[in-house]
Every structure is written in structure tokens, then in C-alpha cells.
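Heads up, the thing below is written out as C-alpha cells.
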Amino acid sequence: MADDKTPRVTDIDALKVFTHPLRIKLYRALTVARKATASQLGEQVDEAPSLVSYHLRKLAAHGFIVEAPGGSSDGRERWWQVSSERGFSFRSTDFADRPEGAAVMSAVTRQIVTSRYERYMAHLDESAAWPREWMETEFSSEYLASLTAAELGRLAEEMDALVRRWIDHGRAAVEAGDGEGREHVSLHLYGFPFRD
């Protein structure tokens with residue numbers, strides 16, 4: 001659950017942007033890079049800059065990314081950045097009253113989970129190449145709790161606040177010149193009800 005500072009997507013046409021897996025990859029890559037061109041992002045996702053430019057324009061049309069200030073001096077390539085450092089959120093309840101909304105919500109959520117799964121599987125394939133200090137601190141956990149819907153909501157808010165403190169801490173350290181030993185860390189959290 002995102003806090004009230006995180007932009008919330010409630011427009012179905014905006015949400016549809018993320019039914020395409022390349023757009024999810026580009027958004028993630030741009031979030032990590034903080035600022036990049038279509039050519040730079042194309043190298044990261046192994047796609048042609050022209051195709052990347054097309055998908056970046058789709059993301060920009062719905063406000064997920066914006067042109068970055070202070071781009072190239074010759075103006076030949078546009079620099080992009082995400083529009084909100086806090087990302088964005090969406091909820092199934094905002095789309096559940098429309099049949100198309102539920103289908104789009106499901107498709108986007110599945111694309112995001114698939115993207116996360118693929119990144120984690122790639123990490124497992126490469127994990128032995130990481131230094132021991134990283135191998136000793138990486139984790140994968142599942143917690144099973146008995147909660148009400150309201151309690152799950154509060155738990156999500158607390159976890160969001162905790163993770164955002166660490167994100168802000170890392171960003172501030174890098175901006176202060178303390179980048180040594182830092183790596184990008186992916187943290188996936190899910191909270192959902194289930195019945196045995």
C-alpha cells in the first residue's frame with residue numbers, strides 16, 4: 001500500500017500503458033538510472049532506440065515520465081526521468097466496477113509480477129558471482145499471519161514507511177558522495193488473503 005504522497009493511477013487508459021512488458025522494463029530502468037536517453041535505455045533492455053523512444057512517448061503521454069531538465073546541449077537526444085520518485089500506485093477497487101477495468105488491472109498486475117519473477121530468477125542464476133557479503137545478506141521470506149483487512153492495510157503502510165526510509169537513506173548517502181559498496185537492491189513485497 002502506498003502512502004498519500006505516491007501518485008495513484010485511477011484512469012484506465014493510463015493503466016493500460018503497463019500492459020506492455022517493455023514499458024515496465026523501461027520504467028524500472030529509468031527509475032534506477034534516474035535520468036537517461038532512449039539510446040541508453042535501449043542498451044539496457046536490448047531494444048532499438050527507435051522502439052524505446054516510441055514506448056517512452058507512451059509513458060510520457062500519461063505522465064509516468066517527463067523530459068529531464070538539463071538534457072543534451074545539442075538537443076539531438078531527449079533525456080527522460082520518472083515523474084515521481086515515489087513511483088505510482090493503483091488499486092483494484094478503482095477499476096472493479098467496469099469489466100474492462102478488472103481485465104486491465106489483472107493484465108498489468110500479472111505483467112509486473114512476471115517482471116519481478118524474471119528478475120529474481122536471473123538473480124538466482126547469478127547469485128554465486130556476488131561477493132560473500134551480499135550472499136550473506138540477501139533474503140527471501142514468506143510470513144503467514146492471521147489478520148483482518150484493516151490490519152493488513154496498516155501493516156502495508158508500516159512496511160511502506162520502513163522501506164521508504166531506507167530508500168531515502170541510500171539516495172541521501174549517494175548524493176553526499178558515499179556510493180562505495182552500494183548496489184541497487186530489489187525488494188518485492190506482497191500481502192494478500194488466502195484460504196487453505
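The values are calculated or read from the model by the stated rules, or taken from the named source; none is laboratory data. Keep in mind that this is a model prediction, so the values were computed, not measured. With ideal geometry, Cβ positions are generated from the backbone for all residues, glycine too; neighbour counts draw on all protein chains shown. The accessibility values were calculated without ligands, DNA or RNA, using every heavy atom of the protein model including side chains. Shrake-Rupley method; radii C 1.70, N 1.55, O 1.52, S 1.80 Å.
From the list 60, 107, which residue is among the small types (Gly, Ala, Ser) and modelled with pLDDT under 95?
Details: 60 fails: modelled with pLDDT under 95.
One residue alone meets the criteria, 107.
Among the criteria (1) within 20 Å of the chain's Cα centre (by Cα); (2) at pLDDT 90 or above; (3) over 14 Å from residue 18 (Cα atoms), the one residue 85 does not fulfil is (2).
Taking the condition open to solvent by 50 Å² or more (accessible area, probe 1.4 Å) and modelled with pLDDT under 90, does residue 4 pass?
Numbers: open to solvent by 50 Å² or more (accessible area, probe 1.4 Å): yes; modelled with pLDDT under 90: yes.
Here the answer is yes, as residue 4 does meet what is asked.
Residues of the stretch 164-175 that are at pLDDT below 95 and either under 18 Å from residue 90 (Cα atoms) or touching a Gly at 6+ places or on another chain (Cβ under 8 Å) (or both): 164 alone.
Being surrounded by 10 or more Cβ atoms within 10 Å (Cβ to Cβ) and either among the β-branched types (Val, Ile, Thr) or under 17 Å from residue 32 (Cα atoms) (or both) narrows it down to one of 153, 179, 191, so name that one. Break it down into steps so the answer makes sense when it comes.
Details: 153 fails: either among the β-branched types (Val, Ile, Thr) or under 17 Å from residue 32 (Cα atoms) (or both); 191 fails: either among the β-branched types (Val, Ile, Thr) or under 17 Å from residue 32 (Cα atoms) (or both).
Answer to the selection: 179.
Looking only at residues in the stretch 110-123 that are more than 13 Å from residue 188 (Cβ to Cβ) and surrounded by 11 or more Cβ atoms within 10 Å (Cβ to Cβ), the one that is farthest from the chain's Cα centre (by Cα) is 110. The residues in the stretch 141-150 that are open to solvent by 80 Å² or more (accessible area, probe 1.4 Å) and more than 22 Å from residue 116 (Cβ to Cβ) can be counted, and the count is 3.
Just checking, how many residues over the stretch 69-109 are aliphatic (A, V, I, L, M), open to solvent by 50 Å² or more (accessible area, probe 1.4 Å) and under 22 Å from residue 55 (Cα atoms)? Qualifying residue count for the region: 1.
Among the residues of the stretch 176-196, is any in a helix (DSSP H, G or I) and modelled with pLDDT under 95? First the steps, then the outcome.
Restricting attention to the stretch 176-196, the residues satisfying the condition of being in a helix (DSSP H, G or I) are none.
Scanning the stretch 176-196 turns up no residue that is in a helix (DSSP H, G or I) and modelled with pLDDT under 95.
Might you check whether a residue that is in contact (Cβ under 8 Å) with a residue 12 or more places away in the chain and open to solvent by less than 60 Å² (accessible area, probe 1.4 Å) occurs anywhere in the stretch 128-140? Among the residues of the stretch 128-140, not one is in contact (Cβ under 8 Å) with a residue 12 or more places away in the chain and open to solvent by less than 60 Å² (accessible area, probe 1.4 Å), which makes the answer no.
Scanning the stretch 30-57 for residues that are closer than 15 Å to residue 68 by Cα and open to solvent by less than 30 Å² (accessible area, probe 1.4 Å) yields 30, 36, 37, 38, 41, 56.
Can you tell me which residue in the stretch 14-29 is surrounded by the most Cβ atoms within 10 Å (Cβ to Cβ), limited to those that are in contact (Cβ under 8 Å) with a residue 24 or more places away in the chain, among the aliphatic types (A, V, I, L, M) and in contact with a helix residue (DSSP H, G or I) (Cβ under 8 Å, 6 or more places away or on another chain)? Reasoning before the result, please.
Within the stretch 14-29, the subset in contact (Cβ under 8 Å) with a residue 24 or more places away in the chain is 14-28.
From the residues that got through so far, the ones that are among the aliphatic types (A, V, I, L, M) too are 14-15, 17, 22, 24, 26.
From the residues that got through so far, the ones that are in contact with a helix residue (DSSP H, G or I) (Cβ under 8 Å, 6 or more places away or on another chain) too are 15, 17, 22, 24, 26.
Numbers: 15: 21, 17: 21, 22: 14, 24: 19, 26: 26.
Residue satisfying both the conditions and the ranking: 26.
Exactly one residue among 70, 101, 63 is in contact with a strand residue (DSSP E or B) (Cβ under 9 Å, 6 or more places away or on another chain) and either assigned to a loop (DSSP other than H, G, I, E, B) or small (Gly, Ala, Ser) (or both), and that residue is 70.
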